[in-house]
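One structure is given below, encoded as structure tokens.
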Amino acid sequence: MATVQVSEAEKVYILHGIRDDLRVDGRGCEDYRHMEIETDVVSNTDGSAKVTLGHTAVLVGIKADIGKPRPMVPNEGYLEFFVDCSANATPEFEGRGGEELGTELSNTLYKVFNNKHSVDLKGLCISAGEHCWVLYVDVLLLQCDGNLYDAISVAIKAALFNTKIPRVHISADEEGGKEIELSDDPYDCMRLNVENVPCIVTLCKVGHRHVVDATLQEKACSVASLIISVTHKGTVTCTRKVGGGSLDPESIFEMTKAGKRVGKALHAPLMKLLQQEESLGKTRQKVGFLG
């Protein structure tokens with residue numbers, strides 16, 4: 001993870017501000033930085049999105065491919081995650097510096113999203129035990145200024161909303177086997193229901209309080225963080241503690257409660273924004289990345 005050096009005086013300044021619910025950039029402890037979302041930004045994917053959160057920028061592309069269902073769940077499709085930590089995001093990712101972080105992020109995303117409570121995996125099944133859709137989710141970190149998990153989760157939800165999977169027609173061949181045909185019509189496609197797809201909220205323990213959407217400077221003052229994935233109903237689907245410090249039970253309870261509150265409030269405006277953007281169709285003006 002990208003880090004910055006913070007002096008003792010800066011730490012005291014940040015800690016005292018958070019204690020009084022006033023952060024360096026003027027936000028409260030449970031406020032996010034300005035967020036920008038663009039969908040359908042990469043032409044050679046089935047779904048894509050770019051999210052900018054403060055100075056953190058993430059690009060997600062999704063490709064749908066036909067594969068074989070896993071033996072344990074023959075009537076479900078699945079998702080595969082790959083995170084690429086670009087050296088442009090921070091010099092620390094040069095060479096093999098970002099590989100460990102990429103693996104850590106991929107494993108966490110797999111736990112959060114690749115389950116039947118988050119995505120309708122049965123809807124990805126084409127023929128039980130034989131064929132299913134596999135969604136390859138590629139995440140590229142373009143800029144890193146803290147709070148990667150939250151930005152990535154929003155980008156994945158937006159990209160899944162934007163994903164269009166070709167309609168499949170199954171017919172029998174002369175030998176009695178199954179023949180799969182994909183529709184050539186770009187409008188004859190299947191869309192995913194992303195209502196239950198969770199968003200990740202990362203809460204950093206700074207002093208005796210916790211903050212949402214921590215910057216790199218605030219992260220340097222934090223002893224430990226709690227990652228919580230929350231659905232639109234406020235249901236917690238996954239929790240994970242990161243960082244070298246410890247969290248007492250009372251702090252975990254308070255952070256979980258705050259995470260549920262913040263995560264639940266994040267879904268409604270996100271879905272409204274995605275639906276508004278899609279309703280514009282081709283008249284939508286593309287700004288920023290690949291505009």
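The values are calculated or read from the model by the stated rules, or taken from the named source; none is laboratory data. Computed from a prediction, not measured in an experiment: that's the story for all the values here. Heads up, the Cβs are rebuilt from the backbone with ideal geometry, glycines too, and the neighbour counts pull from every protein chain shown. The accessibility values were calculated without ligands, DNA or RNA, using every heavy atom of the protein model including side chains. Shrake-Rupley method; radii C 1.70, N 1.55, O 1.52, S 1.80 Å.
Starting from residues that are at pLDDT 75 or above and among the acidic types (Asp, Glu), keep the ones in region 180-196 and report whichever is least open to solvent (accessible area, probe 1.4 Å).
Top of the filtered list is Asp188.
Name every residue in region 1-31 that is over 23 Å from Gly263 (Cα atoms), touching a residue at least 12 places away in the same chain (Cβ under 8 Å) and not in a loop (DSSP other than H, G, I, E, B), in order of residue number.
Result: Glu10, Lys11, Ile14, Leu15.
Only one residue in Asp65, Asp46, Asp21 is farther than 25 Å from Asn162 by Cα and either crowded, with 21+ Cβ neighbours inside 10 Å or of a type in the set (Asp, Glu) (or both). Which one?
Numbers: Asp65 fails: farther than 25 Å from Asn162 by Cα; Asp46 fails: farther than 25 Å from Asn162 by Cα.
Every option except Asp21 fails the conditions.
Inspect region 108-115 for any residue being closer than 23 Å to Thr163 by Cβ, of a type in the set (Phe, Trp, Tyr) and either touching a strand residue (DSSP E or B) at 6+ places or on another chain (Cβ under 7 Å) or in a helix (DSSP H, G or I) (or both) and give the result as yes or no.
Just the residues of region 108-115 that are closer than 23 Å to Thr163 by Cβ, to begin with: 108-115.
Add one more test, that the residue is of a type in the set (Phe, Trp, Tyr), and what stays is 110, 113.
When the remaining residues are screened for being either touching a strand residue (DSSP E or B) at 6+ places or on another chain (Cβ under 7 Å) or in a helix (DSSP H, G or I) (or both), the result is 110, 113.
Taking every residue of region 108-115 in turn, at least one turns out to be closer than 23 Å to Thr163 by Cβ, of a type in the set (Phe, Trp, Tyr) and either touching a strand residue (DSSP E or B) at 6+ places or on another chain (Cβ under 7 Å) or in a helix (DSSP H, G or I) (or both).
Out of all the residues in region 144-167, is one or more farther than 17 Å from His34 by Cα and of a type in the set (S, T, N, Q)? Reasoning before the result, please.
Step one: filter region 144-167 for residues farther than 17 Å from His34 by Cα, giving 156-157, 159-167.
Checking which are of a type in the set (S, T, N, Q) leaves us with 162-163.
Scanning region 144-167 turns up at least one residue that is farther than 17 Å from His34 by Cα and of a type in the set (S, T, N, Q).
Is it the case that some residue within region 250-257 is over 19 Å from the mean Cα position of the chain (by Cα), under 28 Å from Gln5 (Cα atoms) and of a type outside the set (A, V, I, L, M)?
Looking for residues that are over 19 Å from the mean Cα position of the chain (by Cα), under 28 Å from Gln5 (Cα atoms) and of a type outside the set (A, V, I, L, M), one finds at least one in region 250-257, hence yes.
Would you confirm whether any residue within region 239-251 is without any contact (Cβ under 8 Å) to a residue 40 or more places away in the chain and assigned to a helix (DSSP H, G or I)? Walk me through how you get there before you give the answer.
The first filter runs over region 239-251 and keeps only residues without any contact (Cβ under 8 Å) to a residue 40 or more places away in the chain, leaving 239, 241-244, 246, 248-250.
The next check asks that each one be assigned to a helix (DSSP H, G or I); those that pass are 249-250.
Taking every residue of region 239-251 in turn, at least one turns out to be without any contact (Cβ under 8 Å) to a residue 40 or more places away in the chain and assigned to a helix (DSSP H, G or I).
State which residue is nearest to Lys241 (Cα to Cα) when the search covers only region 71-103 and only residues that are charged (D, E, K, R) and either modelled with pLDDT of 90 or more or open to solvent by less than 60 Å² (accessible area, probe 1.4 Å) (or both). Can you show your working first?
So in region 71-103, the residues charged (D, E, K, R) come out as 76, 80, 84, 92, 94, 96, 99-100.
Right, trim to either modelled with pLDDT of 90 or more or open to solvent by less than 60 Å² (accessible area, probe 1.4 Å) (or both) and you get 76, 80.
Working: Glu76: 30, Glu80: 23 Å.
Ranking the qualifying residues of region 71-103, first place goes to Glu80.
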